[in-house]
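For reference, the structure is listed below as structure tokens.
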Amino acid sequence: MGARSSWPFARSALRQFNLLLSFNRSPLANTVRCNSTVAAAAEPAETAKSPIQILRTIAELRFWRREQLVKGLAVGLIPTMGALHAGHMRLVQSSMRMNDKTVVSIFVNPSQFAPSEDLASYPRDFDADIEQLAALEGDDGARVDVVFAPRVDEIYPNGIPLDVAEQKGAFVTVHGLSEQLEGKIRPHFFRGVATVVSKLLNIVTPDRVYFGQKDIQQTVVVKRLVQDLCSGTVVHVVPTSRDANGLALSSRNAYLTDQTKQDAAVIYKSLQNAAMVYRQNTSADKIIEAVVSTITEKFDKNDIEYVSVNDKDTLEELQTVHPLKGAIVSLAVRVPNRFGGKTRLIDNILL
Ligand code: AMP
């Protein structure tokens, strides 16, 4: 521990600003502007036919939740933004194993998107999501019981302009864990995440809530949120699900070309190389070097936004990894997408 270690070691403010402006931009992303209050862009499609109860309002969800409480049944919640894939399903299956009832929320949360980001074009396919969830069956016949798919104005009744300066009302910030790594590139992202997770926990009051290791900083933020706000919910973290070539599954992989998906195998390879280096050498610089040199086999060095070695609980940047404590190695890289622009991919491993 000691001096901070991350890559790139120095980057100009201007470059960060430019990256932010071009973040994940697709042709549609430009349609959501600073002043816009989100409405239609994030609305769920009309209800698909399925055995799952689809609840749209807080009142309906609370009514359902009270029934489970009276029956003494344990409830698990999986917060998602939809466009579900096998990674989401792993979280749902974990909940089905551990709880009597499982709620999946599908809500594209505007407050975690910057005005320059892809809220308008974020992939949405409600019917396909319901179909996938309805097809899941646990060993003991467990199923997904409820999908909570509220409208934006149900969650943000006063509106939710994407420009933070225009937002009014209560928002939740987890100070100290939201500013580094992803938070450096996306300064209001974890405020949005912490706010919507707080709302969902207040609405559903689940016994357990499930998050993916894929978004590791999010898990650290949520664990602290739950602890500091005295929530009774237990947070479970589920390992990252990957494609056969190692690419971490993500709804945004839909933006990638087939070629990029193939090339993106170097991302996980770089993390595996980092783990190999760590077995010989606990220096964060050496670990980071291994990641950078592997990623640059396929992608431009300038498109690596960060590679960092951090403490698992405090997210402090480490110079050396203590073998008894381990660390998070995480990265973000911008890869070519099928719109002719770049899409950010993030990944991590635990040492
Ligand atoms: P999202 O819909 O992207 O907000 O993701 C909802 C939840 O699924 C989050 O807790 C994510 O970390 C988790 N998740 C997304 N992709 C994966 C993956 N490949 N493996 C495990 N969990 C994932």
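Listing for the model above:
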read-out	value
Rounded if a/c under 1.5, otherwise prolate or oblate - segment 71-143, Cα gyration tensor axes	prolate
Segment 225-351 shape via C-alpha gyration tensor axes, a/c threshold 1.5	oblate
Top of Lys312, Lys168, Lys298 by mean-square fluctuation, Gaussian network on the chain, Cα under 10 Å	Lys168
Förster-model FRET efficiency, 51 Å R0, Val70 and Asp303, C-beta, rounded to 0.05	0.40
Percent antiparallel among DSSP beta bridges (both partners in the chain, rounded to 5)	55 percent
Angle in degrees between helix 216-228 and the longest Cα principal axis of the chain, rounded to the nearest 10	50 degrees
Estimated FRET transfer efficiency when R0 is 35 angstrom, pair Asp285-Ala165 (beta carbons, to 0.05)	0.35
Rough spin-label spacing in nm, given labels placed 7 Å along Cα→Cβ, for Gln319 and Lys261	4.4 nm
Neighbour-count order for Ser251, Ser105, fewest beta carbons within 10 angstrom listed first	Ser251, Ser105
Separation of the Ala244 and Leu229 label points, Cα + 7 Å toward Cβ, nm	4.2 nm
Label-point separation, Thr173 to Thr296 (7 Å along Cα→Cβ), nm	3.6 nm
Tensor-based shape of segment 52-110 (alpha-carbon gyration tensor, a/c under 1.5 rounded, otherwise prolate or oblate)	oblate
Net lengthening on full extension, His236/Gln53 (0.36 nm per residue, minus Cα-Cα)	63.5 nm
Charge dipole (the chain, unit charges on Cβ, about Cα centre) - positive-most of Ala265, Phe107, Ile130	Ala265
Lysines with Cα under 21 Å of Lys301, excluding same-chain neighbours fewer than 8 positions away	Lys184, Lys261, Lys269, Lys286, Lys342
Candidates Val146, Val75, Val234, ranked by Gaussian network fluctuation over the chain, Cα under 10 Å, top entry	Val234
Choice from Ser198, Ser308, Ser50 with maximal GNM fluctuation in the chain (Cα, 10 Å cutoff)	Ser50
Using alpha-carbon coordinates, inclination of helix 58-71 to the longest axis of the chain, degrees	80 degrees
Stokes-Einstein D for the chain, Kirkwood Rh over Cα pairs, 4 °C, 1.567 mPa s (µm²/s)	62 µm²/s
C-alpha long axis of helix 86-98 to longest principal axis of the chain, angle in °	60 degrees
Measure of compaction for segment 97-247 (Cα Rg per 2.2 N^0.38 Å)	1.10
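Quick note: the coordinates plus some simple rules give every number you see, no bench work behind them. Just so you know, these numbers come straight off a predicted model, no measurement behind them. In this analysis, Cβ positions are derived from the backbone assuming ideal geometry, glycine residues included, and neighbour counts consider all displayed protein chains.
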